[in-house]
Structure formats: C-alpha cells, structure tokens
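Take a look at the structure set out below.
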Amino acid sequence: MLQDYQLLRIPGPTPIPPSVQQAMMKPMTGHREQDTKDLLKRVQPRLKKVFGTDEDVVIIAGSGTSGLEAAVVNTVAAGDEVLVIVTGSFGERFTEICKAYHLHVHTLHYEWGKALIPEEVASVLAANPSIKAVFATYCETSTGVINPIEELAATIKQSSEALVIIDGVSCVGAVETKLDEWGIDICVTGSQKALMLPPGLCFIAASKKAWNIIETNQQPRFYLDLRKYHHTSLEFSTPFTPALSLLYGLEQSLSLLELEGLSQVYRRHQMMKQMTRAAFKSLGIPLLTTDMFASPTVTAIIPDGDEPDALRKVLKQDFGIVLAGGQNKLKGKIFRIGHMGYCTPADILQIISCIEIGLFKIGTIQETGFGVMAAQQAYLQGESI
Ligand SMILES: Cc1ncc(COP(=O)(O)O)c(C=O)c1O
C-alpha cells in the first residue's frame, strides 16, 4: 500500500485543510510582541459567531478536557450540589471531574444511544433546589447522539438559577450553537474536531451571569483560572505562552468557515449525516441512534458480533482508512464514522464505498453498491430541499 496515506474518519482529531497546515508553518513570533496581539485581535472576535454569542470567548492551550475542568473549577466549589447528565462516555468524564473536586454530584443517566429528556432534568432540579450547575454534553461522541440543548437550557431557565454548562467539544463549529439566545452559560469546544485544527486548543464561551460567578467563585485554581484568560483577552493577550502555531492555523480555519458561511457549514454536516445514515439503512445494518437525535458530526453503527473490529481492521489494511471503535461499555460493539470539519459529501461516498468492500470481505454483505447508491440518493434529495 502507498505509504504515508491515511484517511482519518474518526470523530477527532480530524484531517487538517492544506491551507491551515500551511498557515501553521509560519515562524514563531514573540508572544508578547505586537504581532501576537494583532493576531489575537483578528481571531478572538470571530470565535463569537461560532458560539452564537456577543460575550467574550477565551482560548486555552489545552485539550478539550482542560475546558471541561475549567468549567467546573471556575463555577462551583467543593461541597456544592451539581447535576451531571450522562448520555455516554463524555458525560461520565464530567462526573469524574466533578467528583475529583469533591462536589456533591447528582447524576441523571440515560441508556447509551439515547438523548437526554429536558423534563426529567427539570424534575431532578425541582427535587434538589440547591443544584448550582447542570452539566450536559451537546454531541455525545461515544454514541453519536446530539442532545436537545436548546430545549434543555430553556427548561432549566424556567425553573432554576442553575448554570447551564455544555460540552460542545465534538460539534461546535459544525452545528448551530446559540449561546445567548438559548441561555447557555458556558460552552466548551476543542480545536481538533469541527474547527479543523490539530489538538491543543480549547475555547470557552460564557454568559454574563457565568462571568460574574467565575469572578467570585471560591474554588482554588491556577492554570485553568478563567479570570486570567478573560482579563488578558481584553488586552488581546494570554496569561501564559499561547500555542502560537495553532493560533496561526485558527485564523485560517475561521476564514474557511466564514468563506463557506456558517449556515452552509451546518447544512453540509446535515447532508453528511443523512448520506451516512441512508447508506447503512439500505444495507440493513443498525444505527445506534434514532434519526431525531443523530449527530451531524459522528455516526455510530452497531453491526453483529465481532464485525466492528474486523471491519476496522480491513479498512485500515486495505485502504489506510481509520474508523473509531466503541468506548467503554460499547467497546467492540460499534464502530463510529467521524464526518466533521474538513469533510464533504464526496468523502462520504468514498468512505461508504470502502466500507462496503470491507463488509463484503468480512461476510456481512453479499453484494456491494447499495450503500453508495443510497448515499447518492440522499445527496440528491438533500440538495433539492
Ligand atoms: C464530547 C467530548 N468531550 C470532551 C472530549 C475530550 O477532549 P480531549 O480529548 O481533547 O481532552 C472529547 C474528545 O473526544 C469529546 O468528544
């Protein structure tokens, strides 16, 4: 096989556009020099649109989890009551972070593959009026579920003062996010997913209410102290050395999103979801989630027995294609296709075509072509809407 060929179709890290790669090759500048200030001045305000907010968005050099931890340590303190909604592996991560900081953690668990139900969250809040923050995952990457965050935030706001804190790591930038309008208080994302960058940057948007709480929260914190990031960002600076190369790349990836137009970016992701789902339905291979709560960024497929890992092996060996397996309790039971960021309907046709060959080779299907045909039809139908 051609060496050096790899097609990454996992739900992050995602492939990097060549122009972003190129931008990241710029030589270093002094991080306290005017060049870096100018760069931050160009980049920071443009992140607001991605989160649907007029409030400030801060950038941390850290992975997505640093943003989740920052959301916890800046808003609540040991002993405070919080509610974590767990719809999969990343809900569990929020729970672990909250427990690590000795919070009084209530959890609301859903079967993996199902979405949260806002009314049930309201019931937990009604029964536990001291809950100060609710943590939820927008796209649960481990299952391919997109949770109804707009409805969740509206429901929480109706009956409670609790902060609405959202992990948007695997979908912000690929799906509509309206922090201000929906009433989200904190939303976190990472660079290596829909934003088409390597791992290493984390972005945090917060409401006015959240920024006020962050200012006065008693929990000790240092590197993840969002006050430092917020105050320095007002001067177009950072508290610590920024990940400069990633910031150069970010400027270009934001340009790509702006040139395409965010609403078209969201439509493209919807289209890729529909094509992928149509393909597996036509092949008679079950999907983990319902259409209603299927994420536009990642699809989880649940074939029989040992097939997920056997299929992933064939795709890697024959085509250099990397698919994701299942996490934790779904390990070995599903495979996942990431279709976010630098990914188009043309990529979906390619991946489905290769997966069909893989499925044929492991004996799941006896004929190839039906999946691709269904994806083509979904494309044509989607385009005409
Ligand atoms: C929804 C979600 N939250 C959090 C994370 C953690 O991000 P990181 O691995 O960058 O720390 C991920 C990573 O896949 C994710 O998909």
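The values are calculated or read from the model by the stated rules, or taken from the named source; none is laboratory data. Only a predicted model underlies this, so the values are computations on that prediction, with no experimental measurement involved. We place every Cβ from the backbone using ideal geometry, glycine too, and count neighbours over all the protein chains shown. We work out accessible area using only protein heavy atoms, side chains counted, and drop any ligands, DNA or RNA first. Shrake-Rupley method; radii C 1.70, N 1.55, O 1.52, S 1.80 Å.
A few comments on the model shown:
- Residue within the stretch 363-374 that is more than 24 Å from THR14 (Cα to Cα), in a helix (DSSP H, G or I) and open to solvent by less than 50 Å² (accessible area, probe 1.4 Å) present: yes
- Annotation: PRO27 fulfils all but one of (1) in contact (Cβ under 8 Å) with a residue 24 or more places away in the chain; (2) assigned to a loop (DSSP other than H, G, I, E, B); (3) away from the ligand (no atom under 16 Å from the Cβ); the unmet one is (1).
- Condition check for PHE222: open to solvent by 20 Å² or more (accessible area, probe 1.4 Å), touching a residue at least 12 places away in the same chain (Cβ under 8 Å), assigned to a loop (DSSP other than H, G, I, E, B) and away from the ligand (no atom under 16 Å from the Cβ): no
- Close pairs from the stretch 1-17: first within 17 Å of GLY190 (Cα to Cα) and hydrophobic (A, V, I, L, M, F, W, C), partner open to solvent by less than 40 Å² (accessible area, probe 1.4 Å) and away from the ligand (no atom under 14 Å from the Cβ), Cβ under 7 Å, at least 6 apart: ILE10/VAL322; ILE10/LEU323; ILE16/MET196
- Any hit, the stretch 337-357, residues being open to solvent by 20 Å² or more (accessible area, probe 1.4 Å), of a type in the set (Ser, Thr, Tyr) and assigned to a helix (DSSP H, G or I): yes
- Some residue of the stretch 98-114 being open to solvent by less than 20 Å² (accessible area, probe 1.4 Å), part of a helix (DSSP H, G or I) and closer than 24 Å to THR299 by Cα: no
- Residues that are within 14 Å of ILE204 (Cα to Cα) and of a type outside the set (A, V, I, L, M, F, W, C) were ranked within the stretch 139-185; the one that is farthest from the ligand (Cβ to nearest atom) is ASP180.
- When LEU259 is tested against (1) farther than 26 Å from GLU307 by Cβ; (2) touching a residue at least 24 places away in the same chain (Cβ under 8 Å), exactly one condition is not met: (2).
- For first residues located in the stretch 164-180 and open to solvent by 10 Å² or more (accessible area, probe 1.4 Å), partners that are within 12 Å of the ligand (Cβ to nearest atom) and lie 6+ apart or on another chain with Cβ distances below 6 Å form the pairs VAL169/GLY64; VAL169/THR189; VAL169/GLY190.
- Taken over the stretch 1-23, the criterion of being open to solvent by less than 60 Å² (accessible area, probe 1.4 Å), under 23 Å from GLY320 (Cβ atoms) and touching a Phe, Trp or Tyr at 6+ places or on another chain (Cβ under 9 Å) is satisfied by LEU7, THR14, PRO15, ILE16, PRO17, VAL20.
- Checking every residue in the stretch 192-207 against the condition of being free of Cβ contacts under 8 Å to residues at least 12 places away in the same chain, of a type outside the set (A, V, I, L, M, F, W, C) and surrounded by fewer than 20 Cβ atoms within 10 Å (Cβ to Cβ) gives zero matches.
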